[in-house]
Amino acid sequence: MTLRARYAAGSLLSIRDLSVEDVSNILSLTARLSTMSATERAAILTGRRVALLFYESSTRTRTSFELAAKSLGATTTLVSDKSSSIEKGESLKDTGLTLRALGAEAIILRHSNSGAPFVLARETGLPVLNAGDGMHEHPSQALLDLRTMLTRLKGTDGAKHVDASTLKGVTVVITGDILHSRVARSNAMLLPRLGARVILCGPEKLLPEEALGLNAGIEIERNFDKALQQAQVAMMLRIQRERLAGLELDLNDYIASYQLNSERLKTSAPQALVLHPGPMIRGLEIEGEVADSPQSAIEEQVAHGLAVRSALLVRALGKSVTV
Amino acid sequence: MSDLLILNGRLIDPANGIDGERDLLVRDGRVAAVEAPGALKNIAAAETIDATGQVVAPGLIDVHVHLREPGQTYKETIATGTAAAAAGGFTSVIAMPNTVPVNDTVAKLEWMLDAARRSAVKLFAMPAATLGSMGVTLTDFEALRAAGAVGFTDDGKPVLEDHVMRAALVAAARAEVPISQHAEDTRLTGGCSMNAGQVAFRLGLRGMTVEAEARIVERDIRLLREIEATEGLRPHLHVQHVSTARAMEAIRAAKREGLHVTCEVAPHHFTLTDEAIGDYDTHAKMNPPLRVEADRAAMVASLLDGTADCIATDHAPHAAHEKEQEFERAPNGITGLETSLGLALRVLHREQGLSLSRIIALMSAAPAAIAGLAGRGSLSMGHFADVVLFDAGSEWRYDAAKTLSRSRNTPFDGAEMLGKVRATICEGRVVYRG
Ligand SMILES: [Zn+2]
């Protein structure tokens with residue numbers, strides 16, 4: 001599972017490219033960076049240049065990466081289709097080569113086409129961090145979800161290392177629109193390799209049987225209550241109304257069957273940790289009360305996101321930090 | 001044309017049941033004699049080729065190539081595409097009509113077949129079945145047939161509407177040529193870029209289902225049955241690039257029923273599965289897509305048991321900049337003329353034990369029969385001297401950088417091949433030496 005030689009070291013294109021040891025190293029680095037003073041941290045990537053190339057808007061992920069880069073002292077350039085700084089009709093390859101010529105040493109890419117980060121990494125030879133590609137993956141999200149889980153379940157020290165059995169005995173239920181979710185894919189391909197049991201939950205149209213191929217040992221449970229009863233971690237995914245309509249799924253039926261509300265949580269999973277990658281729609285896939293409850297770690301996810309992405313940037317730019 | 005003698009080879013001519021040591025004499029571009037070794041030794045020929053250790057076979061025929069001219073000559077021209085064909089052992093190719101503009105009139109067909117295009121091998125064409133391949137109005141089958149059309153197809157797209165396909169089959173039956181169908185129910189494949197299944201799910205790509213291919217094949221077979229029953233005609237349906245076990249099973253049943261159905265299988269579909277896409281390798285993107293192992297195995301089985309009539313490449317060149325894109329944006333298709341024989345011999349002969357004679361038949365006599373290419377596909381006396389010489393035992397690796405095609409979009413760069421083409425002779429002229 002090592003990253004093939006055709007991609008620059010430090011790239012993170014798919015969670016599958018990381019060995020368990022790589023994941024552990026990233027967590028250790030994250031932990032080390034978190035203990036540093038702001039001044040100390042700001043010296044690590046001083047003078048280094050990072051480009052953020054965003055073909056899709058994403059306040060959360062973009063801001064997280066941007067703040068992470070800045071906190072490490074790096075300069076960032078944002079190129080997004082919103083600011084129309086992406087040349088009309090220019091290929092991803094040429095945009096990447098232009099950024100490289102302008103001095104970018106790593107590119108963080110968000111793109112609506114699955115696999116786009118692979119193209120960019122191949123054509124530029126630069127380390128590329130996948131900040132979400134189509135329906136494919138969102139590997140930094142899976143890593144921050146992992147750190148959030150570990151911190152809650154095992155404490156700060158427990159979030160410093162992982163091995164193949166760290167999550168033994170932990171069942172993670174991922175519920176919602178699995179088909180279109182890059183977060184679900186990255187998590188489902190990471191967590192079982194650390195010993196977790198992963199149950200995917202949702203209606204057939206949003207969760208086809210093919211999902212079982214993501215990783216050995218993944219299970220599908222269509223009944224949300226049954227799934228929740230087994231959960232130590234309940235990860236909810238955003239549901240888009242338009243998507244339900246397109247698939248002829250009734251919104252009210254969906255809410256009745258799959259919304260994580262306080263009653264369901266109390267009855268089926270009173271101890272479970274609640275996660276959501278955001279942006280969440282209160283009242284749809286999750287009840288506001290649940291999102292704000294002590295069982296929810298949704299805000300912590302955001303904080304861990306900043307920390308993990310800092311580590312990924314340090315790794316991408318090949319900077320060694322003693323951990 | 002001066003005489004050419006090919007001596008000491010192992011001559012394999014499936015149509016005539018020959019597999020043995022024979023010498024071959026070519027005169028005026030035609031086969032003048034096939035004799036036991038020594039019988040032709042007193043003939044003084046202008047050129048003699050010593051084929052010791054080589055197979056001498058009818059030149060290969062590809063019923064499905066995209067030569068991109070007119071309109072997309074940055075991808076390929078008739079001259080470069082047919083040069084690649086010659087290098088692959090082909091002496092005849094049939095150009096698909098999805099050029100720019102679409103080949104749908106006599107004038108366009110004649111332009112394409114004109115000697116000024118400098119085709120290296122014998123060029124045939126299947127013009128569009130419908131004007132502009134828009135699937136609405138049939139082209140003038142009779143006039144196009146008279147101008148040399150060997151069949152009709154809207155390849156790249158299916159003839160989708162039932163009544164249009166029915167009319168096309170009827171008109172083609174009257175013109176005594178096949179309708180070559182790209183079997184894809186495009187109502188089911190919008191936004192899809194690969195095979196539906198676990199690999200597509202993992203890669204986050206929308207997949208084309210088996211059903212999308214099978215539904216058109218099954219519909220077309222039903223139309224054949226109806227036309228035979230009601231019109232007293234016997235239309236010939238040729239199914240292009242079959243990729244799924246289910247569609248092949250429908251073809252097998254239709255053949256058993258006695259309907260006139262033929263089909264082709266492409267080398268990539270009997271060699272690779274959708275796993276070859278790896279990390280979004282656009283050189284493994286084509287339509288129909290690479291399928292799962294069970295489908296690949298079914299394509300092999302169909303070639304072994306004769307359900308698949310022939311091998312065709314679907315040679316589809318694209319420029320590097322078009323393939324260096326996001327997977328979903330990159331165009332479908334791969335080149336195939338230079339790798340077809342090498343893969344057929346490696347996979348079907350060495351791995352599956354299919355005889356050389358059967359493989360040669362799948363690549364010469366059978367395609368000639370499907371497209372009604374008179375005087376081609378065998379080394380019968382008086383036939384065109386279309387001949388390929390290859391070293392059946394030589395192992396080599398394909399190097400896309402050395403292609404004679406204008407494009408290099410192949411998943412087989414560096415792949416192992418069996419059987420090196422030593423010479424390709426088209427109508428008595430040596431058009432390639434390897
Ligand atoms: Zn086609």
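The values are calculated or read from the model by the stated rules, or taken from the named source; none is laboratory data. Given the structure is predicted, the values throughout are model-derived calculations rather than measurements. As a convention, Cβ positions derive from the backbone with ideal geometry for all residues, glycine included, and neighbour counts pool all protein chains shown. Surface areas here come from the heavy atoms of the whole protein model, side chains and all, with no ligands, DNA or RNA. Shrake-Rupley method; radii C 1.70, N 1.55, O 1.52, S 1.80 Å.
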Heavy atoms of B:R187: accessible area, 1.4 Å probe, square angstrom to 10: 140
Label points 7 Å out from Cα along the Cβ direction at B:E395 and B:A44: separation in nm? 4.7
May I ask for the distance between the Cα centers of the stretch B:221-267 and the stretch B:386-434, given as a whole number of Å? 32
Could you list, in their original order, any pairs among A:K88/B:K157; B:K285/B:K420; A:K168/B:K285 whose Cα atoms are separated by more than 31 Å? A:K168/B:K285
If you build the convex hull over the alpha carbons only and average its shadow over all orientations, what do you get for the stretch B:145-223? Give it in nm² to one decimal. 5.9
One finds, for A:R282 and B:R118 with R0 = 56 angstrom and r their Cβ-Cβ distance, a FRET efficiency to the nearest 0.05 of 0.25
Tell me the angle of helix B:78-87 to the major Cα principal axis of chain B, expressed in degrees between 0 and 90 and rounded to the nearest ten. 60
Can you tell me the relative contact order of the stretch A:236-323? Whole percent, Cα pairs under 8 Å, sequence separation 6 or more. 31
proj_area_mean for the stretch B:102-189 (convex hull on C-alpha atoms), units nm², value 5.9
Positions from the stretch A:204-221 whose accessible area shrinks by 50 Å² or more when the full protein complex is built, not the chain alone, probe 1.4 Å: A:E210
Looking only at Cα atoms, what is the convex hull volume of the stretch A:139-301 per residue, in Å³? 98
Under a 1.4 Å probe, what is the accessible area of chain B per residue, stated in Å²? 34
Quick check: the angle from helix A:92-101's long axis to the longest principal axis of chain A, C-alpha only, nearest 10 degrees? 40
Within the stretch B:154-179: backbone nitrogen closer than 11 Å to the B:T230 label point (7 Å, Cα to C-beta): B:163, B:166-167
Tell me, how many Å apart are the Cα centres for the stretch B:38-115 and for the stretch A:290-323? 61
Amide H contacts of B:S364 (H built 1.01 Å from N, under 5 Å, at least 5 apart or other chain): B:I61
With the 8 Å Cα cutoff and a minimum separation of six or more residues, the stretch B:332-429 has a relative contact order in percent of 34
Helix-derived mean residue ellipticity, 222 nm - over the protein assembly as shown, DSSP H n ≥ 4, -39500 (n - 2.57), to 500: -9500 deg cm²/dmol
Could you tell me the calculated FRET efficiency between A:S37 and A:H161, based on Cβ-Cβ distance and R0 = 22 angstrom, to the nearest 0.05? 0.40
For the stretch A:139-301, what is the accessible area per residue in Å² when the probe is 1.4 Å? 39
By how many nm would the segment from A:T75 to A:Q240 lengthen if fully extended, with 0.36 nm per residue of separation less the alpha-carbon distance? 55.9 nm
Report the accessible surface area buried between chains A and B, summing both sides, using a 1.4 Å probe on protein heavy atoms only, in Å² rounded to the nearest 100. 1900
Ratio Rg/Rh [Cα only; Rh per Kirkwood] for the stretch A:28-135: 0.99
For the protein assembly as shown, report the translational diffusion coefficient in µm²/s to the nearest whole number, using Stokes-Einstein at 10 °C, 1.306 mPa s, and a Kirkwood Rh over Cα pairs. 55
Below 8 Å, C-alpha to C-alpha, sequence gap of six or more: please give me the relative contact order for chain A in percent. 21
Relative to the longest principal Cα axis of chain A, at what angle does helix A:59-71 sit, 0 to 90 degrees, rounded to 10? 40
1.4 Å probe, heavy atoms, protein only - residues of the stretch A:102-147 losing at least 10 Å² accessible area vs chain alone: A:H111, A:N113, A:S114, A:G115, A:F118, A:V119, A:R122, A:E123, A:M135, A:H136
Percent of accessible area on the protein assembly as shown owned by carbon and sulfur, 1.4 Å probe? 49
Rg [Å, one decimal], Dmax [Å, integer] - the stretch B:385-428, C-alpha atoms: 12.4, 33
Positions from the stretch B:322-370 whose accessible area shrinks by 40 Å² or more when the full protein complex is built, not the chain alone, probe 1.4 Å: B:E324, B:E326, B:E328
Taking 0.36 nm per residue of sequence separation and subtracting the Cα-Cα distance, how much length would be gained by fully extending the chain between A:L153 and A:S320, in nm to one decimal? 57.2 nm
For the stretch B:60-377, what number results from the quotient of the Cα radius of gyration and 2.2 N^0.38 Å? 0.92
Work out, in µm²/s and without decimals, the Stokes-Einstein translational diffusion coefficient of chain A at 4 °C, 1.567 mPa s, Rh from Kirkwood over C-alpha pairs. 65
So, how do all the Cα-to-Cα distances of the stretch B:267-359 break down into 5 Å bins, in percent, from 0 on up? 3, 14, 23, 23, 18, 10, 6, 3, 0
